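Colleague: One structure, as structure tokens, below. Some questions next.
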Amino acid sequence: MTTAPLLIGHPLASKEHARHALLYMCRIRKFEEAVEDLFGRGMMHGTMHLSIGQEASPTGMCMALNLTDQITSTHRGHGHCIAKGADLTRMIAELLGKEIGYCGGRGGSMHIADVDTGNLGANGVVGGGIPIAAGAALASKMMKSGKVVVSFFGDGAMNEGAFHEAANLAAIWKLPMILFCENNKYGMSSSTEKAFAIDNLKDRALGYGIPSVNVDGNDVVAVYEQAQIAADRARNGEGPTLIVAETYRWKGHSRSDKNLYRTKEEIEEWRLLDPIPKFVEKILESKLMEQSEIDAIQAEAQDQVIAAVNEAVKAKSAEPSGLLAAVFKEISA
Amino acid sequence: MSDRMLTMAEAVREAMSIAFDERPEVFLLGEDVGIYGGAFGVSADMYHRYGAERVLDTPIAELGIVGAAVGAALAGMRPIVEIQFSDFTAQAMDQIANQAAKIHFMLGGALHVPMVLRTPQGSGTGAAAQHSQNLEPWFASVPGLKVVVPSNPADAKGLLLSAIDDPNPVIFLEHKLLYKIPGRDSVPVGSGRIPLGVAKVVREGKDLTIVATGIMVNKSWEVCEKLAAEGISITLIDPRTISPLDMQPVYESVEKTGRLLVVQEGPSHAGFINEVIAQMAGSSSFGSLIAPIKRLAGMNIPIPYAPQLEKAAVPQIEDIEIAARDIVKNWR
Ligand SMILES: Cc1ncc(C[n+]2csc(CCOP(=O)(O)OP(=O)(O)O)c2C)c(N)n1
Ligand SMILES: [Mg+2]
């Protein structure tokens, strides 16, 4: 097993909380590096969208959620999935087309999701998850389940009709929903400057009567604090919140990206704002841990990912024989 | 300059460039078609050659993009809109099916929509269910749309030029596995057109007629070569445009061979290729058949991710080979 128990609360609330936030961010980083490596070695099929540099956003957001709270995710969804508590072995196994993979090898990188930890699905369609999150939030309200639903999406998704229609529904029905935009400055090659005529994406919420806030998406503490406020609003029946987390995608959009639309200098500048050392500094300042303990956590994340890869590689490949039967859920008697 | 071997991506780019040079009202719009050169590199350097005003990068907003193309088209421009994956035409379907396809008819002919929507489709890249579909029956079932499914670079070039000339909306479906491989035949230089609505007899034989679309033409070709060595000779027909559909060569061929195998990549249920079977069944050539019509198509499932699953979901060369040999051997 390569899961780690979830912990809810402020990343600096205790040593355990700090350990959790750091471990999770490092798990995401090491996972993504492993994916890149598997790809490079020709062991993985298809494409990949890495979230290296964005680890603080899902980690901070999910530390404000209960296990039963739900998320919808995106094509760049490995981090969301891990932050919500998924098992790394089953994630890698999915990428390798194994039977024990989360989707039985049918979904791959863009569809990995652990439904047991509240992940309603990654999505190959930009914006596709936002109305679905609104619907899950509607169900929460109708069924009085108390669940909060977070939709993760990118800056680019904000220009899809799906965002606009879902935001309005969430607003008028006061749904227990958080619209969480990871503004990593590009939708593929389109910078936010080119794709938007407003300077601050959070202003989009104004038109729907939804409160919104900007947050440093590379600061897990800041993300958690805003996430907590938004989750409280949702739980109190006050409706949705838009959080715009300012972050950056270090790697190319996918495997075929030549990075022609941005400069090396810009990428370098953002690499200096690495969310992991940023949090390490805060931990040291808070005196919750010593450097040696921090090093041990980083090594632990690496070990967990290596163990997951080793286990997944050995697992049985998915077989085509069950495909036809997999299309529909059986009607129960 | 003489004819050369090009890939489908190069041939499509060449056709777009010729159209750009011929007519100032032609322009390209779509997600990442500019500096990035398109998700599959089809527009490549066109942004540098023609500038940002004619090679328009758009936000991620398929409904808006296609709607803008429809509006620009009926107002006098000739847009080529690229949708990054054909799967995302779903977002734009109102503008495609309810607007573009119907405007000329509904408005009594007062307006028309000279727009081309180019989009990659098909499986084989491990991109899974939402990035691998063959949606040609969606478009082929909407009167008012012309639908082109090129199988090779030379056809893609000539057909795209005709599509851009056409005063009606044309959906141009490019198989993404064909983008990077050169065709069997060289691509003519110059601006020669291939008319829409004319099927191509790719090769002629006497034992079996195969009608295949898109990438299945290429797979079927391999089978024709292989079975020729076994003494089985096959006629291979590529409809090239599926709306309108040219059945005449199919009838003529079946009258000679008496056997028909149809092949498409998309799911069999309600697939386009069924239209070929239906028209055959209603034709006077039907009586020439000495064997039941055989259909090979994708499984009725979403395209799975893992390579071993993805392969199982769509017809492979071996499947076509077995079907072709069986029908010839079993029906004499
Ligand atoms: C509806 C739709 N249009 C286009 C695409 C192709 N595509 C995949 S990701 C992407 C960019 C998305 O940008 P953003 O929402 O900012 O997310 P990021 O990739 O930056 O995480 C595009 C254009 C898609 N998957 N779905
Ligand atoms: Mg983005």
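Computed from the coordinates by the stated procedures, all read-outs in this text should not be read as laboratory data. As the structure is a computational prediction, the values presented were derived from the model and not from experiment. We place every Cβ from the backbone using ideal geometry, glycine too, and count neighbours over all the protein chains shown.
Colleague: Pull up the cross-link candidates among the lysines for A:Lys287, meaning alpha carbon to alpha carbon under 29 Å and not fewer than 8 places away within one chain.
Modeller: The reachable lysines, counting only those whose Cα sits under 29 Å from A:Lys287, are A:Lys15, A:Lys30, A:Lys84, A:Lys278.
Colleague: Now, a different point. Round to a whole angstrom and tell me the spacing of the C-alpha centers of segment B:274-332 and segment B:71-113.
Modeller: 33 Å
Colleague: Would you pull out the residues with amide H under 5 Å of B:Gly197's amide H, same chain only if 5 or more places away, H placed 1.01 Å from N?
Modeller: B:Thr241
Colleague: Going by how many other Cβ atoms sit within 10 Å of their own, how do A:Phe279, B:Phe286, A:Phe196 line up, fewest first? Intermediate results must be reported in sequence, preceding the final value.
Modeller: Values: A:Phe279 26, B:Phe286 14, A:Phe196 19.
Fewest-to-most Cβ neighbours within 10 Å comes out as B:Phe286, A:Phe196, A:Phe279.
Colleague: Across peptide A:45-52, what mean number of C-beta atoms from other chains lies inside 10 Å of a residue's C-beta? The partial results should precede the final answer.
Modeller: On the way: counts 9, 10, 5, 0, 0, 0, 0, 0.
Partner Cβ neighbours, averaged per residue: 3.
Colleague: Only Cα pairs within less than 10 Å get springs; with that Gaussian network setup on chain A, which residue of A:Ser57, A:Ser254, A:Ser140 has the largest fluctuation?
Modeller: Of A:Ser57, A:Ser254, A:Ser140, the most mobile in the Gaussian network model is A:Ser254.
Colleague: So, one more: Taking neighbour counts of Cβ atoms within 10 Å as a proxy for exposure, in what order, fewest first, do A:Leu324, A:Leu242 appear?
Modeller: Ordered from fewest to most neighbouring Cβ atoms within 10 Å, A:Leu324, A:Leu242 come out as A:Leu324, A:Leu242.
Colleague: In degrees, nearest 10, range 0 to 90: what is the angle between the Cα axis of helix B:215-228 and the longest Cα principal axis of chain B?
Modeller: Taking Cα atoms only, the helix is inclined about 30 degrees.
Colleague: In terms of Cα to Cα distance under 13 Å, which aspartates and glutamates are near enough to A:Lys141, apart from those fewer than 8 places away along the same chain?
Modeller: By straight Cα distance, A:Lys141 reaches A:Asp69, A:Glu238.
Colleague: Helix-only estimate, please: 222 nm mean residue ellipticity of chain A, summing -39500 (n - 2.57) across DSSP H runs of length 4 or more and dividing by its residues, to the nearest 500.
Modeller: Working: 11 runs with 138 residues, N = 333.
Using -39500 (n - 2.57) per qualifying helix, the result is -13000 deg cm²/dmol.
Colleague: Let me ask you something else. For B:Lys311, list the aspartates and glutamates whose Cα falls under 15 Å from its own Cα; do not include residues on the same chain fewer than 8 positions away.
Modeller: A:Glu319, B:Glu265, B:Asp319
Colleague: Sticking with this one: Around B:Gln316, with a cut-off of 14 angstrom between Cβ atoms, what is the net charge of the other residues, counting Lys and Arg +1 and Asp and Glu -1? Don't skip to the end; give the middle numbers.
Modeller: On the way: positive: B:Lys219, B:Lys226, B:Lys311; negative: B:Glu222, B:Glu265, B:Glu310, B:Glu318, B:Asp319, B:Glu321.
Within the 14 Å Cβ shell, the charges total -3.
Colleague: Going by alpha carbons, how many degrees (0 to 90, nearest 10) lie between the helix axis of B:8-22 and the longest principal axis of chain B?
Modeller: Tilt of helix B:8-22: around 40 degrees.
Colleague: Using the count of nearby Cβ atoms within 10 Å as a rough guide to exposure, how do A:Cys103, B:Cys224, A:Cys62 rank from fewest to most? Spell out each step's value before the answer.
Modeller: Numbers: A:Cys103 24, B:Cys224 21, A:Cys62 31.
By the 10 Å Cβ count, ascending, the order reads B:Cys224, A:Cys103, A:Cys62.
Colleague: Taking the Cα centre of segment A:15-308 as origin, work out the dipole magnitude from +1 charges on Lys and Arg Cβ and -1 charges on Asp and Glu Cβ, in debye rounded to 20.
Modeller: Taking the Cα centre of segment A:15-308 as origin, the dipole is about 760 debye.
Colleague: Report the net charge of residues surrounding A:Val215, where surrounding means a beta-carbon distance below 12 angstrom and charges are Lys +1, Arg +1, Asp -1, Glu -1.
Modeller: Summing Lys and Arg as +1 and Asp and Glu as -1 gives -4.
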